[in-house]
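Undergrad: Quick one: structure below, then a few questions.
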Ligand code: KG4
Ligand code: ZN
């Protein structure tokens, strides 16, 4: 069986084909980041319109790359949410039209479940139960994956998502959108010990809070500017990145130990960050936890993960 999947929840128009054995046959993405960069974030109306323009070409490319025709597709899958409503609507409309026209079943997929499922593509040996940390632009979730499709949320952000904090911090430093990769790049030239940003605490120790860290960074930048001093952006980026990742890694590993899980998986756009991947691998090794993560292209939004979940 072959499944053709659509993803259009934010600013990537993506399509992919996967076979019944979970082997990815194609995975194509048209990104809109350059169009949103000038506004410092995703403009929902522009995103919706660009999805409409790109979606047919993505389907054609996904079929071509998979070396198959629409006749060999047995089911259609699509991200149903969460995401930008107008953006989701375009993918859902395209998927519905194709499913109806070809008389194929339509499978609605939760975007976060898609991110978790990217791990099954990268590590076919991974099976539930395991703990998954989802860190994206919209979500920061600690999830116990009890079985396929059976999830228990044990921790989440009480304010900003991890990726959102990176995007806002980047904007304060005058960097382009999306902020995560920009901060990672700049941080490579900075000293992570130059500034100390106080690590936040939450009532539920497995919950996250990033808005205080973001505000601390913004205040640091403003103070330097007010005093007419240079802003050492690389040092600030490196110190901020370390603070965020330390919090994330500590909570994820604590949760894995507390819930008796010896398998920990990463998911979502922020999981593409190499400092996070390295720190998590080291901490997991120290505590005898097996560590799983998709390759960076499968961490950020894509349709392969949606096809896999379907
Ligand atoms: O999962 P994703 O592609 O979209 C959502 O579902 O939100 O995540 C996008 C987020 C953005 O906030 C972006 O800044 C962040 O992931 N991100 C990163 C990196 N690459 C993407 N954050 C830190 N380091 C990265 N290398
Ligand atoms: Zn996402």
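Each value in this text was obtained by applying a stated rule to the coordinates, not by laboratory testing. Keep in mind the model is a prediction, meaning the values are calculated, not measured. Note that each Cβ is placed from the backbone with ideal geometry, even for glycine, and that neighbours are counted across all protein chains shown.
Undergrad: Among 254-260, 267-273, what's the highest-first ranking by average C-beta atoms within 10 angstrom per residue? It would help to have the intermediate numbers written out before the result.
TA: On the way: 254-260: 15.7, 267-273: 26.7.
In descending order of packing, they fall as 267-273, 254-260.
Undergrad: Output the direction-averaged projected area (hull surface divided by four) of the convex hull of the alpha-carbon atoms of the chain, in nm².
TA: Working: hull surface 63.2 nm².
Averaging across all directions leaves 15.8 nm² for the Cα convex hull.
Undergrad: Bin all alpha-carbon pair distances of the range 179-310 at 5 Å intervals from 0 and give each bin's fraction as a whole percent.
TA: Going from the shortest bin to the longest, the percentages are 2, 9, 17, 19, 19, 16, 10, 5, 3, 1, 0.
Undergrad: Hey, what angle do you get for helix 274-286 against the long axis of the chain, alpha-carbon based, 0 to 90 degrees rounded to 10?
TA: Long axis of 274-286 versus the principal axis of the chain: about 80 degrees.
Undergrad: To continue, here is another question. Determine the gain in length on full extension of the stretch residue 85-residue 127; use 0.36 nm per residue of separation and subtract their C-alpha separation, reporting nm with one decimal.
TA: Values: separation 42, 0.36 × 42 = 15.12 nm, distance 3.22 nm.
Contour length minus Cα-Cα distance gives 11.9 nm.
Undergrad: Related question: With a 10 Å cut-off between alpha carbons and a GNM built on the chain, which of 67, 191, 119 moves the most?
TA: 67
Undergrad: Which of these, 48, 69, 123, has the largest mean-square fluctuation under a Gaussian network model of the chain (Cα springs below 10 Å)?
TA: 69
Undergrad: Mark the label point 7 Å from the Cα of residue 106 along Cα→Cβ and return the residues of the range 1-27 whose backbone N is within less than 13 Å of it.
TA: 6
Undergrad: Can you work out D for the range 1-146 in µm² s⁻¹ from Stokes-Einstein, where Rh is the Kirkwood radius over C-alpha pairs, the temperature is 10 °C and the viscosity is 1.306 mPa s? Don't skip to the end; give the middle numbers.
TA: Details: Rh = 15.9 Å.
Result for D is 100 µm²/s.
Undergrad: For a quick size check, give me the Cα extents of the range 250-308 along its three principal axes, largest first, whole Å.
TA: Rounded to whole Å, the extents work out to 33, 22, 16 Å.
Undergrad: Quick check: residue separation of residue 225 and residue 282 times 0.36 nm, minus the Cα distance between them. What number comes out in nm? Show your work: numbers first, answer last.
TA: Details: separation 57, 0.36 × 57 = 20.52 nm, distance 3.73 nm.
So the extension gain works out to 16.8 nm.
Undergrad: Extending each Cα 7 Å along its Cβ direction at residue 150 and residue 218, get the distance between those two points in nm, one decimal.
TA: According to this spin-label approximation, the distance is 4.3 nm.
Undergrad: Over what distance in Å are the Cα centres of the range 234-310 and the range 124-144 separated?
TA: 9
Undergrad: Which of 241, 282, 61 ends up with the largest GNM mean-square fluctuation for the chain, with Cα atoms connected below 10 Å?
TA: 282
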